[in-house]
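J.: Encoded as structure tokens, here's the structure I'll be asking about.
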Amino acid sequence: MFMRNTDTISSLKAAVCYGAGPVLVLVHDYPDPDSLAGALGLCHLLKKWGIEGVIGHGRGMGRAENKAMAGLLSIENMLIGELDAASFRGALLVDTQPLAGNNSLPDDLGVLGVIDHHPSPEEPWQGIPHLDVRTEIGASSTMVLQYLEAACVALTTELATALFLGIKIDTSDLLRGASREDIDAYVRLLPMVDLDLVQKATHGPLPDEYFAMLQSALENAVRHDDALVADVGAVPEPDLLSAVSELMLRTKGTAWSFAAGTHGNGAYLSLRVLPGQRNAGRVMREIIGRSGYGGGHGLAAGGLIRPEDGNARAASRQAARRFLEAICRQADCGQRLCRRRR
Ligand SMILES: [Mn+2]
């Protein structure tokens, strides 16, 4: 899908130049490296135009890469709740969209622009001055790099490294949904990148709770034909679930990997799939229905259900069953991936 009302840097500039106050550069809740890098790039672009950009998101970060990325590259990001929405001239959304359900866009803040590579939750968008949604692109960082280059913004080592990490992690080293443009962007960035920072961000120390969660996930993982399902239970941060689904996809004979867990009163879901199967984002939206939000790409998707009765545990179990239904695999007579050790 290709949905843009313009492809020019001047349209973005026109969209953000009106009004007073800084621009809220909004990323999704539990921001990942691609969204953080995209936001950092947009702040550099705004700065070139004499506008302050403030990176905001609604919820925290759990996955080590996400924390490492923000820390190592000194990406200042604020929780929306700590910001005064009225002080901004408007919001520029990156790696997310209005009504996507995965961001905390303040109700009373106008949207100046959207730069994203996820399918739109509703279409066509209207009334957004700058709209650039390109689902064939593997990472928002690639799109932001194109804007930076068009505006002749000199890339610092930190910014180049951030964008590189965004592309590298979102496309799983160009192996998951990378387009020609992502590959070109990756190659252009490579000579400018601090590889030591890349190593630290992608292979840095992991907390004990990460391994405890993995242990619980693997002990609970059940195989249904070529689909592996892990009901992880309570997780310290929802974005850790994608580490489970990504790892489980590596098991022999697995084409579908689904991890479900709870955090607070929400049931969080993460899906990964090998190429040649159904579209992961569509399967995720089928699982969620109207009970929350879900989305993603061909090979990776995530979702959140907030059950009305507050029983997140039951909702995550039900989501696992709905996943198996959606891909037509038998829910009964599954086999455990690992024998439990006691
Ligand atoms: Mn992304």
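The values are calculated or read from the model by the stated rules, or taken from the named source; none is laboratory data. For clarity, every value in this text was computed on a predicted model and none was experimentally measured. Neighbour counts are summed over all protein chains in view; Cβ atoms, including those assigned to glycine, are modelled from backbone coordinates with ideal geometry.
J.: Being within 19 Å of Met61 (Cα to Cα) and either modelled with pLDDT under 95 or part of a helix (DSSP H, G or I) (or both) is the requirement here; does Ala320 meet it?
T.: no
J.: Right, something else. Whether any residue in segment 124-138 is aromatic (Phe, Trp, Tyr) and away from the ligand (no atom under 16 Å from the Cβ) is what I want to check.
T.: Within segment 124-138, one or more residues are aromatic (Phe, Trp, Tyr) and away from the ligand (no atom under 16 Å from the Cβ).
J.: Suppose we keep only residues that are out of contact with any Asp or Glu (no Cβ under 8 Å at 6 or more places or on another chain) and of a type in the set (A, V, I, L, M, F, W, C) within segment 76-99. Which one would you say is nearest to the ligand (Cβ to nearest atom)?
T.: Filtering first and then ranking leaves Leu92.
J.: Determine whether Asp29 is part of a loop (DSSP other than H, G, I, E, B), crowded, with 19+ Cβ neighbours inside 10 Å and within 16 Å of the ligand (Cβ to nearest atom).
T.: yes
J.: List pairs: first in segment 162-185 and closer than 14 Å to Pro33 by Cβ, second among the aromatic types (Phe, Trp, Tyr) and away from the ligand (no atom under 13 Å from the Cβ), Cβ under 6 Å, 6+ apart or cross-chain?
T.: From residues that are closer than 14 Å to Pro33 by Cβ, the pairs are Ile167/Tyr186.
J.: Which ones in segment 139-175 are within 11 Å of the ligand (Cβ to nearest atom) and out of contact with any Asp or Glu (no Cβ under 7 Å at 6 or more places or on another chain)?
T.: Of everything in segment 139-175, just one residue is within 11 Å of the ligand (Cβ to nearest atom) and out of contact with any Asp or Glu (no Cβ under 7 Å at 6 or more places or on another chain), namely Val144.
J.: Now for a different question. Among the residues of segment 40-60, count how many are farther than 29 Å from Pro238 by Cβ and not in a helix (DSSP H, G or I).
T.: Of the residues in that region, 4 qualify.
J.: Pick from Ser216, Ser242: which is over 20 Å from the mean Cα position of the chain (by Cα) and assigned to a helix (DSSP H, G or I)?
T.: Result of the check over Ser216, Ser242: Ser216.
J.: Looking at Leu174, is it in contact with a Gly (Cβ under 8 Å, 6 or more places away or on another chain), among the aliphatic types (A, V, I, L, M) and part of a helix (DSSP H, G or I)?
T.: No.
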